[in-house]
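The values are calculated or read from the model by the stated rules, or taken from the named source; none is laboratory data. Small disclaimer: the values here were computed from a predicted structure and weren't measured. Quick reminder, even Gly has a Cβ in these numbers, built from the backbone with ideal geometry, and neighbours come from all protein chains shown.
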Amino acid sequence: MTPDWKTNGVRIVRAGELDTNTPQTPGMTRAAAITHAKVGASKLWAGTVVVAPDAKTAAHHHGELETVLYIISGRARMRWGDHLEFSEEAGPGDFIFVPPWVPHQEMNANPDVPVEAVVIRSGQDPVVVNLDIPEANQAPVPFHPAAHQ
């Protein structure tokens with residue numbers, strides 16, 4: 001029997017069809033596009049996130065999930081490590097890869113402009129394990145791009 005490609009083939013989720021009924025973080029708005037419920041995906045989750053100016057997450061990791069962010073606009077800062085001792089920034093057109101189990105903190109590096117990004121995860125479960133890392137509450141060290149080249 002030939003597969004029914006009309007209903008089981010390519011799926012397009014239109015911009016107005018994203019689902020905001022997904023776990024949220026203060027200062028961030030997530031909207032799901034590619035989920036099991038929406039398109040039948042079994043190995044990937046994809047959506048968007050908008051990070052308000054000056055907003056940041058708590059320190060956390062995503063268990064065994066791999067995460068990719070693609071920055072559309074704004075300037076994102078990632079801190080990672082056991083004490084969030086590493087830091088990099090990413091701007092429009094940049095990709096960020098977060099491996100499984102890596103303690104990290106996401107933040108908007110700009111006090112005036114939101115960050116808009118596409119988020120892709122290697123699983124359907126919204127795994128977020130919050131960590132008690134005191135440095136997450138401290139102001140990050142000022143970022144100097146030339147020092148990171």
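Structure summary
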read-out	value
Only one of GLU85, GLU89, GLU66 that is farther than 27 Å from ASP112 by Cα and acidic (Asp, Glu)	GLU66
Residue within the stretch 127-146 that is at pLDDT 85 or above and in contact with a helix residue (DSSP H, G or I) (Cβ under 9 Å, 6 or more places away or on another chain) present	no
Cβ-Cβ under 9 Å pairs, at least 6 apart or on other chains, the stretch 79-99 side closer than 18 Å to ALA55 by Cβ and in contact (Cβ under 8 Å) with a residue 40 or more places away in the chain, far side among the polar types (S, T, N, Q) and buried (at least 18 other Cβ atoms within 10 Å of the Cβ)	ARG79/SER87; ARG79/GLN105; LEU84/GLN105
